[in-house]
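A short write-up of the structure that comes next.
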Amino acid sequence: MNTKQIDYCIELAHTLNFSRASENMFVSQPTLTYQIKLLEDEVGFAIFERSGKGASLTPAGAQFVSFLTGMREDLKRAIEQGQNFSAKYRDTISISLMVWQALYFLPEAMRIFAETYPDIQILPMFQYENGMESFLRNKADILFALKEQTKQIPSIHVHDLFESRIYLITQRDDPLAAKNLITESDLYGRTLMVGGGSPAALKAVQHRLISSGKIDYFNSADHDTTRTNVAAGKGICLAPGFLNDHSGQFAWLPFDCKESFSCVLCVHKNDNRPGTAAFISILKKLYQDAVAFPL
């Protein structure tokens, strides 16, 4: 199976017409027909049913093309990344984080790093759920994580980055937005969104508030869903400060509690590249210098 056959197959699945697909792919119809037949011979099943009216996907073909489309997109990104790399860089340092907001100073760190290491590419990888797995499989060089997640993981170095506290998120015109510090009693009678893969520290606070019996609550699937619900006026929520995008869309108000999140960077013990150490140092210094920055 080659990339041309993949492209021909995806285009035919889109048009369901051999003539139109061949025109769109700038090849003759016999060429496209022949390549599709070679592909079907290789995979061992019919992808298309042929008729005088054109073509239709077989049940197996529909499933195959669905996977093929995703694979083609991954391959396209891999090729583009390879082209970028070969044109400018001699090495890549990948960093996995759950969302782009998690490391507010990442773009600034990348800019500073490029001044000294212009031939090393910093590659952010946004992996909401499987970042740890990707890192442990050596598919990422650096992992942004909570310190509690790094216990009992062998062969890594853990670098303390910053401490993030818990904030209340509300609409900007909410009466609570006028406060400088939110206490438990401020939330009585309100609807609090909970769940959505909250870290342990946040779950503890949510449970304590719900146990008071003075706060309504409902489950929200994830942080993006929760933000949408806040914007829709369905309730308020508590969140780690490192998820603040500082866009000004919502009011982020410090919540009065002892719980916080220790945010760290993990690297593999066998990664002795000077570039990796330099990039981590840059990030650490940016956060150390951000004394008054809300985290």
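Values quoted throughout were computed directly from the atomic coordinates according to the rules given, and no laboratory measurement underlies them. These numbers were taken from a predicted model, which means no experiment stands behind them. Here Cβ is always computed from backbone atoms with ideal geometry, including for glycine, and neighbour counts include all displayed protein chains.
Values computed for the structure shown
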{"read-out": "Given (1) under 26 Å from A290 (Cα atoms); (2) touching a residue at least 60 places away in the same chain (Cβ under 8 Å); (3) among the aliphatic types (A, V, I, L, M); (4) surrounded by 14 or more Cβ atoms within 10 Å (Cβ to Cβ), index of the condition I153 fails", "value": "(1)"}
{"read-out": "Search result, residues across segment 26-50 that are surrounded by fewer than 19 Cβ atoms within 10 Å (Cβ to Cβ), of a type in the set (A, V, I, L, M, F, W, C) and within 37 Å of the chain's Cα centre (by Cα)", "value": "F26, V43, F45, A46"}
{"read-out": "Search result, residues across segment 266-287 that are out of contact with any Phe, Trp or Tyr (no Cβ under 6 Å at 6 or more places or on another chain), touching a residue at least 60 places away in the same chain (Cβ under 8 Å) and closer than 11 Å to L161 by Cα", "value": "C266, I280, L283, K284"}
{"read-out": "Segment 255-271: number of residues that are closer than 16 Å to T92 by Cβ and not acidic (D, E)", "value": "2"}
{"read-out": "Considering residues of segment 248-292 that are touching an Asp or Glu at 6+ places or on another chain (Cβ under 8 Å) and β-branched (V, I, T) only, the residue nearest to L103 (Cα to Cα)", "value": "V264"}
{"read-out": "Out of I112, I95, sole residue that is touching a Pro at 6+ places or on another chain (Cβ under 7 Å) and either within 30 Å of Q288 (Cβ to Cβ) or assigned to a loop (DSSP other than H, G, I, E, B) (or both)", "value": "I95"}
